[in-house]
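Q: Before I ask anything, here is the structure I am working with.
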Amino acid sequence: MDRSLCLQSFRLSRFNPRLTVWRPSSPSPRLLHLAPPFLLDDYVPRYHLISSVDAARKRSDAYAHLRNCNLCPRLCGVNRFEKTGVCLIGADVKVNVIAPHFGEEPCIQGHNGSGSVFFSGCNLRCVFCQNHDIAHERKGFDLTPEQLAEWYLKLQEVGKVHNINLITPEHVVPQVALSILHARELGLKLPIIYNTSSFDSPESLGLLNGLIDIYLPDFKVWKNATSRRLLKADNYAKAAMESIKVMHSQVGDLCFTADGLAKKGILVRHLVMPGKDDEGREIVRWLAKNVSKDLFMHVMEQYHPDAHVGKPKRTTKTHLQVEEPGGNPAPGEVKEKIRYDDINRPVSQAEMSSVKYAAQQAGLWRFNEVAEHGGFNI
């Protein structure tokens, strides 16, 4: 391809990142995965760009939210300085682990790890929760927002992490906002990640606007019957749809610096559940149609039975006969029915493939996987 055609392709690719270019010497067209639409020369965290007036307003709003909690669709309305709601957390935060973490997407963890803060408590009660001892049992230690900010600095200065990753923070948004504003005064310079189950309220996301660089929402299930049974929450999908649209409007599609690390934007996860791949297909279609076809997507296969899944039922006396090899009943031997038996198995490859195929058919193309073009997914 001559130089003029190369330059023309580059200019056009700024508007169409998957530009198809015909090479005269090639028997078929090929895709140029050029980076400019999603490549940043440099990045300044958003919390450094807000004015002192806006910062003071956010501090005031944070305390107001704590006095009449509306941080999630449950709308408990409790005064968090006096008592707790469904999330079980008051005016301070309870943290289980603060450390560099290497279990995230490559563009998040990088080489030095993501500076992860695992908050205790949760506004959901997922029966399959893989962090149920943290989310449901409130294990951890208490911190004020100011003390939390000091931990961010330790992660930056000692851990040399690439970002601050706030994991399950939906119920502590005011404390998170106060900690970020304090940390910027202490010298924090890292991007902030809001790692959420998407059961957020517009009010909490409004408070976070200008403070969060990367939103990392997990869109779990589609049907309300499923959310009631497995998440113990009504209208989860509606709340997730509204939340993800707001997140995208604040930070846009995921962008990277030249080292391949994500700095700004939204990365949506979907954990494929056994027998729920039909819901996964609906979710990815909705995301492509209503959010962005340039959305960075992680179709996850990490599901495994945990928490309450597979445990013996506590409220039934019904038993099943145990069969010997060959299908013959074993006299006198019984086995209790187990809870959530339908999701008490790993996800199959066919279920994973069906969700991924639906995403591709809907127009999504930026996935968390090894890039086919031999470089970063940027």
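Q: Tell me the residue from Ile180, Ile193 that is assigned by TED's automatic domain parsing to the domain that holds Cys255, touching an Asp or Glu at 6+ places or on another chain (Cβ under 8 Å) and surrounded by 23 or more Cβ atoms within 10 Å (Cβ to Cβ), please.
A: Exactly one residue qualifies, and that residue is Ile193.
Q: Right, something else. Which residue out of Leu261, Leu230, Leu267 is touching a residue at least 12 places away in the same chain (Cβ under 8 Å) and under 14 Å from the mean Cα position of the chain (by Cα)?
A: Working: Leu261 fails: under 14 Å from the mean Cα position of the chain (by Cα); Leu230 fails: under 14 Å from the mean Cα position of the chain (by Cα).
Sole residue among the options that is touching a residue at least 12 places away in the same chain (Cβ under 8 Å) and under 14 Å from the mean Cα position of the chain (by Cα): Leu267.
Q: What tally of residues in region 113-136 results from selecting those that are of a type outside the set (Ser, Thr, Tyr) and without any contact (Cβ under 8 Å) to a residue 40 or more places away in the chain? Don't jump to the end; show me each part of the working.
A: Initial filter on region 113-136 (of a type outside the set (Ser, Thr, Tyr)): 113, 115, 117-119, 121-136.
With without any contact (Cβ under 8 Å) to a residue 40 or more places away in the chain added as a condition, the list becomes 131, 133-135.
So the answer is 4.
Q: Another question about this same structure. Please go through region 277-297 and give me each residue that is in contact with a Leu (Cβ under 8 Å, 6 or more places away or on another chain) and crowded, with 19+ Cβ neighbours inside 10 Å, ordered by number.
A: If we filter region 277-297 for residues that are in contact with a Leu (Cβ under 8 Å, 6 or more places away or on another chain), which is where we start, we get 284, 287-288, 293, 295-297.
Residues satisfying the conditions are Val284, Leu287, Ala288, Leu295, Phe296, Met297.
Q: Yes or no: Glu137 part of a helix (DSSP H, G or I) and not assigned by TED's automatic domain parsing to the domain that holds Arg339?
A: So Glu137 does not fit the description; no.
Q: Could you tell me how many of the residues in region 87-112 are within 18 Å of Glu170 (Cα to Cα) and touching a residue at least 60 places away in the same chain (Cβ under 8 Å)?
A: Start the filter on region 87-112 by keeping residues that are within 18 Å of Glu170 (Cα to Cα), which leaves 87-98.
Next cut, touching a residue at least 60 places away in the same chain (Cβ under 8 Å) only: 87, 89, 91-93.
Selection size over region 87-112: 5.
Q: Here's a follow-up. Just for region 82-105: of the residues that are among the hydrophobic types (A, V, I, L, M, F, W, C), modelled with pLDDT of 90 or more and within 19 Å of Pro145 (Cβ to Cβ), which one is surrounded by the fewest Cβ atoms within 10 Å (Cβ to Cβ)? Outline the logic, then answer.
A: First pass over region 82-105, keeping only residues among the hydrophobic types (A, V, I, L, M, F, W, C): 86-89, 91, 93, 95, 97-99, 102.
Subset that is modelled with pLDDT of 90 or more: 93, 95, 97-99, 102.
Now narrow it down to the ones that are within 19 Å of Pro145 (Cβ to Cβ): 93, 95, 97-98.
Numbers: Val93: 26, Val95: 20, Val97: 16, Ile98: 21.
Once the filter is applied, the top-ranked residue is Val97.
Q: How many residues are in a helix (DSSP H, G or I), over 19 Å from Ile180 (Cβ atoms) and not charged (D, E, K, R) if we restrict to region 45-98? First the steps, then the outcome.
A: From region 45-98, those in a helix (DSSP H, G or I) are 46-48, 52-67; that's our starting set.
Restricting the remaining residues to those that are over 19 Å from Ile180 (Cβ atoms) gives 67.
Next, from what is left, pick out any that are not charged (D, E, K, R): none.
Looking only at that region, the number is 0.
Q: Another question, then. Among the listed residues Gly140, Gly113, identify the single one that is over 27 Å from Phe367 (Cα atoms) and in contact with a strand residue (DSSP E or B) (Cβ under 6 Å, 6 or more places away or on another chain). Quick ask: steps written out before the conclusion?
A: On the way: Gly113 fails: over 27 Å from Phe367 (Cα atoms).
Selected residue: Gly140, the only one of Gly140, Gly113 that is over 27 Å from Phe367 (Cα atoms) and in contact with a strand residue (DSSP E or B) (Cβ under 6 Å, 6 or more places away or on another chain).
Q: Of everything in region 121-134, what is buried (at least 22 other Cβ atoms within 10 Å of the Cβ) and not in a helix (DSSP H, G or I)? Give them in sequence order. First the steps, then the outcome.
A: From region 121-134, those buried (at least 22 other Cβ atoms within 10 Å of the Cβ) are 121-124, 126, 128, 134; that's our starting set.
Across region 121-134, the qualifying residues are Gly121, Cys122, Asn123, Leu124, Cys126, Phe128.
The values are calculated or read from the model by the stated rules, or taken from the named source; none is laboratory data. Note that the coordinates shown come from a computational prediction; the quantities given were computed from them, not determined experimentally. As a convention, Cβ positions derive from the backbone with ideal geometry for all residues, glycine included, and neighbour counts pool all protein chains shown.
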